[in-house]
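Working notes for the structure below.
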Amino acid sequence: QPVTTDKGKATTHTHTPTHNTHTTPHIEATSSPSKSRANNEGPANSKKIDEAFDKYQDPQDKDTIGPEGIGQLCGDLGVEPEDVSVLVLAWYMDAQRMGYFKRSEFAAGMTKLSVDTIPKLKNILPRLHKDLEDQAKFREIYRFAFFFAKEPEQKILDLATSEAMLRLIMLPSSPQIVEHFCEFLQTQTSYKSLNLDQWMSLLEFCRSIQADLSNYDENGAWPVILDEYVEWSRETWAK
C-alpha cells in the first residue's frame with residue numbers, strides 16, 4: 001500500500017513523535033512501595049508465569065501464543081478478544097503483533113502487573129480498564145495501538161483496521177466525533193490508510209475540538225485529512 005501523504009501541508013505537531021517505536025509501559029512509582037505494583041500481592045513467580053503461558057502456547061511454536069491460544073486465554077479471562085482490556089494487557093506486555101503473545105512478552109507483562117496466574121490476572125482486569133482514565137496512559141495505549149494493529153512491515157494503518165481500533169479505544173470518550181470521522185473515512189476516496197501523525201493528531205483533535213467543530217481553526221497545524229473531515233462535516237450538516 002502507498003503511504004498516505006498530506007499533499008504538501010505541514011502535518012507534524014510538536015507534541016507528536018513520529019519515530020517508529022512505541023512506549024513500553026511501566027508501573028508508576030509512588031511514595032508507598034506497596035502501591036508501586038498493579039496489585040499488592042508481591043512479586044510474581046516466574047515459574048508460575050511460565051506454567052500459565054504453557055497452557056495457551058502454539059503446539060508448533062512453544063514460545064508463542066497464537067490466535068487460537070489468545071481466544072482460549074480470553075475465554076478463561078471472561079472477555080472477548082476485542083475487549084479493550086485485552087489491548088491494555090498487550091500494552092503491558094509490549095506485544096509486537098496483534099493476535100500473538102511471545103513468551104518473553106507475556107512474562108514481562110505479568111511481572112509488571114505483579115500477577116502469575118490467570119485467576120489473578122482476571123481479578124485485575126477492572127484495573128486495566130481504569131488505566132484508560134489516566135490521560136497520559138491513555139495516550140501511550142492509543143499510540144501503542146497503531147503499531148500493534150498495523151502489519152509489521154508497514155508504516156501505515158489501513159482504514160478498516162483504523163476504524164475498528166478507533167471504535168475500540170476512542171468511542172466511549174468521543175462518540176460523536178469518532179462515529180462521524182469513521183463515516184467520513186468510508187465516504188472519502190483520497191486516503192486508503194492513516195499514518196502515525198494523522199493517528200496521533202486525531203487524538204488531540206478529539207481532546208481539544210468540540211463535537212460541533214465550532215472551535216476548529218482551519219489555520220492550525222492539523223493534517224489535511226482533518227481539514228477535509230471538518231469541511232465534509234459542515235457540508236453534511238448543512239444539507
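Just so it is clear, none of the values below were taken in a lab; they were calculated from the coordinates. Source: prediction; values computed, not measured.
Could you pull out every one of the aspartates and glutamates with an alpha carbon less than 13 Å from that of residue 102, ignoring same-chain neighbours closer than 8 positions?
50, 54, 58, 61, 63, 94
Can you compute 3J(HN,Hα) from phi for each residue in the stretch 119-133, using the Karplus curve 6.51 cos²θ - 1.76 cosθ + 1.60 with θ = phi - 60°, rounded to whole Hz and x for Gly and Pro?
x, 5, 5, 4, 5, 9, 4, x, 5, 5, 4, 5, 4, 5, 7
HN-Hα J couplings of the stretch 223-233 from phi, Karplus 6.51/-1.76/1.60, θ = phi - 60°, integer Hz, Gly and Pro as x?
So the J values, rounded to whole Hz, are x, 4, 4, 7, 4, 5, 5, 5, 4, 4, 4.
Considering Cα pairs under 8 angstrom that are at least six residues apart, work out the relative contact order of the stretch 36-186 and quote it in whole percent. Don't skip to the answer; put the middle values down first.
Working: 159 pairs, mean separation 37.8, N = 151.
That works out to 25 percent.
Can you list the HN-Hα couplings for the stretch 67-77, worked out from phi with the Karplus curve (6.51, -1.76, 1.60; θ = phi - 60°), rounded to whole Hz and with x for Gly and Pro?
Coupling constants for the stretch 67-77: x, 5, x, 4, x, 5, 4, 4, x, 5, 7 Hz.
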